[in-house]
1. Every residue in region 69-86 that is within 12 Å of the chain's Cα centre (by Cα), more than 21 Å from Arg382 (Cα to Cα) and surrounded by fewer than 24 Cβ atoms within 10 Å (Cβ to Cβ), please.
2. Which condition number does Tyr438 fail, the rest of (1) within 19 Å of the chain's Cα centre (by Cα); (2) surrounded by fewer than 23 Cβ atoms within 10 Å (Cβ to Cβ) being met?
3. Do the conditions hold for Pro304, that is, is it in contact (Cβ under 8 Å) with a residue 40 or more places away in the chain, touching a strand residue (DSSP E or B) at 6+ places or on another chain (Cβ under 7 Å) and farther than 17 Å from Leu392 by Cα?
4. Could you grab the pairs with beta carbons closer than 8 Å, sequence gap of 6+ or different chains, first residue in region 318-340 and exposed (fewer than 15 other Cβ atoms within 10 Å of the Cβ) and part of a helix (DSSP H, G or I), second one at pLDDT 95 or above and of a type in the set (Gly, Ala, Ser)?
5. Evaluate the following for Leu282: is it more than 24 Å from His402 (Cβ to Cβ), assigned to a helix (DSSP H, G or I) and not charged (D, E, K, R)?
6. Would you say Val137 is in the same structural domain as Ala70 (by TED's automatic domain parsing), buried (at least 21 other Cβ atoms within 10 Å of the Cβ) and either free of Cβ contacts under 8 Å to residues at least 40 places away in the same chain or basic (Lys, Arg) (or both)?
7. Kindly provide the set of residues from region 278-297 that are surrounded by 21 or more Cβ atoms within 10 Å (Cβ to Cβ) and of a type in the set (A, V, I, L, M), ordered by number.
8. For region 355-366, which residues satisfy the criterion of being within 20 Å of Ser433 (Cβ to Cβ) and not in a strand (DSSP E or B)?
Amino acid sequence: MDRTGRTRRAGRASVLMRLGPRLVVAGVSSGVGKTTVATGLMAALRSAGHRVASAKVGPDYIDPGYHALATGRPGRNLDSWICGEQTVAPLAGRAAAGADLLVVEGVMGLFDGAAGDGPEASTASIARLLDAPVVLVVDTSAMSGSVAAVVHGFATWDPTCQLAGVVLNRVGSPGHETLLRDALAGLDVPVLGALRRDPTLTWRDRHLGLVPVAEDPAGVARRIALLGDAVAAQVDLDAVVAVAASAPGIDVADPPAARPAGNARVAVASGPAFSFVYQDNLEALSSAGAELLPFDPASDAALPSGATGLYLGGGFPEIFAEHLADNVQLLADARRRIGEGMATWAECGGLLWLSSSLDGHRLAGVVPADARMTDRLTLGYRRATQLRASPLGPTGTELRGHEFHYSTLEPAGDGLELAGRFGRGHAGWLGPSLFASYLHLHLGGDPRPAEQLVAAASALAAPTC
């Protein structure tokens, strides 16, 4: 399989798509304003009449929610470690279908990634896989002439990475902007714009990043509109469009799609506490034959009628723990129906909701363990092997995913063998009708777990003789 994904998993026909104008917004490091610039560009370009698509490098859930508000289209993720390098261009093609251009927001610094354990998974590697030009965001709040050394270093470090322009962020004044532009005048890297330091355009942060859109969609939408106006006034949008148009058109295959595996009604946790779900996962479940039934664990009195499958994604249940615990009617209904065999897939926040308690708040009690929040972040890519059968596959099923949480669960469970770059261990609660762990899965490269869940939920729904 070549880097544009021109072949697919055996038994599935390839459908070629044309991947057109595109660019990658990268940063010098984390915290320089990539999300601000990328989301602002999306909003400004959309306001200017362009049909804009978006994607985020890596497994982040929150930034794609901001992108979706800015573009009016679902936010997508491009993760070469979880989904495989061969799927990056096909997934980008899916994201860009029907759009005029694709804006991809990077992760961390341009060259930061998961080197040493499989695909590099850096922003630079994704740009190479997409043959896409890079726009570099530099936080200039504490520099003037040194900006030239920074940009020169990024432009020359890797000749295979096409640095097509720079956006200066957090510029202090007109004089400061002049100093920065003068310093960069000798480099062959155009300045596409200079965004002034403006506290009204900052986002609200939390321990895992920005506050999810689901908690304040109207407020975030207002900020994105202001940000789009600021970008339109301070960035050369025509030059940005020209950068995107400089990317050569490439033909990419349609990414793997789930095979029909039955007909099932699958309840999907939603609402402010459970917004960490990949669009590709929902589409994989639908392709496999699931009718998706959203419900809010904080307010709905029961799981959706007729559901025989349950998908509990991640989110911030710790922020809403009291409300979740107060909804004793739903917790009892979930405990009963899962006990009766409802095919259940729970990730991270969903695992916490199924636990006996979270920081003392009584929850569903499906998983006989107690959760608590800590000040220690657990994160990283994980290779997982199922040590027993579950609704996502038989014993021995191998999965790729990631962990990103500040909570801990005691006991941790022993249903999965997890291996990361710096060690391995056992965790997770698995059984014939339950897969509950901290592991987040992105099914863009391999939708078979969705097929397995739908098949398990369909078997429960099938009439018996």
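1. Pro74 - this is the single residue of region 69-86 that is within 12 Å of the chain's Cα centre (by Cα), more than 21 Å from Arg382 (Cα to Cα) and surrounded by fewer than 24 Cβ atoms within 10 Å (Cβ to Cβ).
2. Only one criterion in (1) within 19 Å of the chain's Cα centre (by Cα); (2) surrounded by fewer than 23 Cβ atoms within 10 Å (Cβ to Cβ) is unmet by Tyr438, namely (2).
3. Judged against the criteria, Pro304 is not a match.
4. From residues that are exposed (fewer than 15 other Cβ atoms within 10 Å of the Cβ) and part of a helix (DSSP H, G or I), the pairs are Gln329/Ala301; Gln329/Ala302.
5. Considered against the rule, which asks whether it is more than 24 Å from His402 (Cβ to Cβ), assigned to a helix (DSSP H, G or I) and not charged (D, E, K, R), Leu282 comes out as no.
6. Against the criterion (in the same structural domain as Ala70 (by TED's automatic domain parsing), buried (at least 21 other Cβ atoms within 10 Å of the Cβ) and either free of Cβ contacts under 8 Å to residues at least 40 places away in the same chain or basic (Lys, Arg) (or both)), Val137 does not qualify.
7. Within region 278-297, Ala284, Leu285, Ala288, Ala290 qualify.
8. Once the filter is applied, which keeps residues that are within 20 Å of Ser433 (Cβ to Cβ) and not in a strand (DSSP E or B), region 355-366 yields Leu363, Ala364, Gly365, Val366.
The values are calculated or read from the model by the stated rules, or taken from the named source; none is laboratory data. Predicted model only: the values in this text are computed from it and were never measured. Cβ atoms come from the backbone with ideal geometry, glycine included; neighbour counts cover every protein chain shown.
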